[in-house]
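Below is one structure, written out as structure tokens, with a few remarks after it.
The values are calculated or read from the model by the stated rules, or taken from the named source; none is laboratory data. All of these numbers come straight from a predicted model, not from anything done at the bench. All Cβ positions, even for glycine, are placed from backbone atoms using ideal geometry, and neighbour counts span all protein chains on display.
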């Protein structure tokens with residue numbers, strides 16, 4: 001391999017970025033399993049408060065144990081924008097996410113959350129000047145077709161759960177965009193820590209102002225929420241934010257179908273739940289569509305026109 005090829009190789013295939021995305025997928029799937037295990041009668045906002053409070057506890061531990069994180073505490077002033085944006089967006093998206101899990105289950109929620117790919121692609125095109133090539137256009141069509149199959153529900157409650165999942169996907173894709181736009185030069189683990197702090201504070205204020213704060217009825221619920229929050233809200237997001245620094249914003253969400261595979265495995269082996277065949281076919285369509293987005297992302301439109 002020539003020097004010039006070596007120089008550009010990391011940009012064409014940033015292996016470290018994809019390894020971080022695999023970590024994102026695995027730990028996010030683990031958080032789905034814990035989200036499914038939490039008592040469904042607990043208020044969604046209260047659930048997410050304990051969820052992120054658990055992540056916050058472990059974020060304090062990481063700051064105390066890691067020298068670079070202790071050093072970064074001195075620079076918290078430069079995190080105020082990312083702190084504000086991610087706190088509000090995550091609070092809304094997380095509440096919608098847990099509602100969706102309770103209404104349509106974790107496999108279908110995971111499939112529909114892949115709409116992050118399309119939302120992130122649109123945001124990248126609108127605000128970052130990214131262009132859609134033919135391969136990506138095919139991927140978009142396949143993804144939308146699979147999404148329609150997964151989203152189609154004759155029951156009104158399931159239909160509401162479907163749109164709730166899509167709403168969560170939109171807010172989470174916006175988080176990725178904001179991190180790419182505002183937090184490119186920030187320490188990504190500290191970004192995840194500040195996000196956990198911001199969501200905890202924001203939801204606590206919301207719960208007390210609205211008078212909707214609820215305590216879990218069983219001690220095991222605290223364990224589920226702490227572990228779920230730590231795996232999903234802290235570890236997975238730290239991996240994702242680091243990946244965002246290494247590869248473009250659209251591709252970071254395009255690789256996340258791995259998450260759905262992990263979620264289906266957890267759903268089957270832990271909860272003995274599996275979607276219907278038609279839903280699995282639709283989910284497979286989504287995965288195939290986003291694979292197209294991965295393969296063709298970054299290729300110039302004029303190259304594909306030849």
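Below is a table of values for the structure above.
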quantity: Which numbered condition residue 251 misses (of (1) closer than 20 Å to residue 89 by Cα; (2) modelled with pLDDT under 90; (3) surrounded by 19 or more Cβ atoms within 10 Å (Cβ to Cβ)); calculated: (1)
quantity: Count of segment 175-233 residues which are part of a loop (DSSP other than H, G, I, E, B) and either without any contact (Cβ under 8 Å) to a residue 60 or more places away in the chain or surrounded by fewer than 19 Cβ atoms within 10 Å (Cβ to Cβ) (or both); calculated: 10
quantity: Selection count where residues are closer than 15 Å to residue 95 by Cβ and either surrounded by 20 or more Cβ atoms within 10 Å (Cβ to Cβ) or touching a strand residue (DSSP E or B) at 6+ places or on another chain (Cβ under 7 Å) (or both), scope segment 26-41; calculated: 3
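Let's see how each residue does on (1) surrounded by fewer than 24 Cβ atoms within 10 Å (Cβ to Cβ); (2) within 29 Å of residue 281 (Cβ to Cβ); (3) free of Cβ contacts under 8 Å to residues at least 40 places away in the same chain:
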site	(1), (2), (3)
81	yes, no, no
99	yes, yes, no
106	no, yes, no
110	no, yes, no
119	yes, yes, no
122	yes, yes, yes
126	yes, no, yes
139	no, yes, no
